[in-house]
Amino acid sequence: MKKSGKPLLILISLAAVLVLAIVSAGCIDEISPLPDEVKVRGNVISVDPVLMSSDVITTLLLSPNEYEKEAFETVEKYLPRDDPVIEIGIGPGTLAAYINKHLRIKTDHIAIESNPYLLPLLEKTKAANQLGTRFINGAIGYDSDTVPVRITKNFLESNISPTKSEETVDVPAYTLRETVAASDFLDKGGVTVVVEINGIWKDILTNEPDLADFVSTFIVATWNLSVNDQEVLFKKTHNAGFSQTYTSDKGESGLMVFVFTRDEKLSNNTENRETPSDSSSADSA
């Protein structure tokens, strides 16, 4: 019995590998390497089952082109290649790697991630793909020098938390204006900002109503946005001096991506701008 079971186990294992190879070949040009790397749209992305849910890693392995495809398609069409980029909330770095490969000057890219445990993985991704991205551990914040961030294994469920818990870590707080001012971007008045955290756009537009002074393109990726919040987003970006350029379809995961570009007429008209008020905390990362 023991003798006959061993060949059967080997056969089952080979069959599983063959199925994975067939499925992967249908999605990408080559089979995703295992177990600590996946390949997404031409870039090798470092992953860790300890830090990421199996659902996310499985999706990246078997259906990489379906993972947040609305964001990738938006970047492909609407990301200015010549402008510096500040990216907020990058998770495993799949979109960050894609963005960097599209920039004319690769070092004109700052990516801020609140989960400190993802930074070593992001640095591995940077080295594997020869990215020029500067990865920073921190979060957008306006009330103090640090921001409490609730960390979970599924980074998509981590969030900037107003209260501390045993799952919470404090990370440095940054404003967009401070980040741009401290950068070595040659053109600090034509920066593209890509936001990938639910709700943080509200904090930014409330606390930095003069955003159009130094941001030319504002891209917001958000999940399950309500009709009311969508109206708020449009109103606040308009008051900040931006015009709506593009809205993606809603993906299966609830992801929608919005592109706003600086409108010189609106940005020069300060009379209709909102004044800063109490910021709204980000819903989730």
- Task: Please go through region 98-136 and pick out each residue that is of a type in the set (A, V, I, L, M) and more than 22 Å from Leu176 (Cβ to Cβ).
- Result: Leu121, Ala127, Ala128
- Kindly establish whether Tyr98 is under 20 Å from Tyr246 (Cβ atoms), among the hydroxyl-bearing types (Ser, Thr, Tyr) and open to solvent by 70 Å² or more (accessible area, probe 1.4 Å). no
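For region 101-121, what are the residues that are in contact with a helix residue (DSSP H, G or I) (Cβ under 8 Å, 6 or more places away or on another chain) and either closer than 22 Å to Asp83 by Cα or part of a loop (DSSP other than H, G, I, E, B) (or both)? Step through it out loud before you land on a result.
Kept after step one, since they are in contact with a helix residue (DSSP H, G or I) (Cβ under 8 Å, 6 or more places away or on another chain), are these residues of region 101-121: 101-102, 106, 109-113, 115, 118.
Selection gives Lys101, His102, Lys106, His109, Ile110, Ala111, Ile112, Glu113, Asn115.
Check whether at least one residue in region 114-123 is open to solvent by 20 Å² or more (accessible area, probe 1.4 Å), modelled with pLDDT of 85 or more and farther than 22 Å from Asp48 by Cα, and report yes or no.
Within region 114-123, the first condition is being open to solvent by 20 Å² or more (accessible area, probe 1.4 Å), and the residues that meet it are 116-117, 119-120, 123.
Going one step further and asking which of them are modelled with pLDDT of 85 or more, we end up with 116-117, 119-120, 123.
So of that shortlist, the ones also farther than 22 Å from Asp48 by Cα come out as none.
The answer is no, given that none of the residues of region 114-123 is open to solvent by 20 Å² or more (accessible area, probe 1.4 Å), modelled with pLDDT of 85 or more and farther than 22 Å from Asp48 by Cα.
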- Do we have any residue at all in region 88-95 that's crowded, with 16+ Cβ neighbours inside 10 Å and assigned to a helix (DSSP H, G or I)? yes
- In region 37-70, residues that are assigned to a loop (DSSP other than H, G, I, E, B), at pLDDT 90 or above and open to solvent by 40 Å² or more (accessible area, probe 1.4 Å) total 3
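Tally time: how many residues in region 72-84 are open to solvent by less than 10 Å² (accessible area, probe 1.4 Å) and more than 15 Å from Phe260 (Cβ to Cβ)? Break it down stepwise before answering.
We begin by selecting, within region 72-84, every residue open to solvent by less than 10 Å² (accessible area, probe 1.4 Å); these are 72, 74-75, 79, 84.
Still in the running and more than 15 Å from Phe260 (Cβ to Cβ): 72, 84.
The number of residues fulfilling the criteria is 2.
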- Query: Of the conditions (1) surrounded by 15 or more Cβ atoms within 10 Å (Cβ to Cβ); (2) modelled with pLDDT under 85; (3) outside any helix (DSSP H, G or I), Leu20 fails just one. Which one is it?
  - Reply: (3)
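The values are calculated or read from the model by the stated rules, or taken from the named source; none is laboratory data. From a predicted model like this one, the values you see are computed outputs, not experimental measurements. Virtual Cβ from ideal backbone geometry, glycine too; neighbours counted across all protein chains shown. Please note that ligands, DNA and RNA were not included when accessible areas were found on the heavy atoms of the full protein model with its side chains. Shrake-Rupley method; radii C 1.70, N 1.55, O 1.52, S 1.80 Å.
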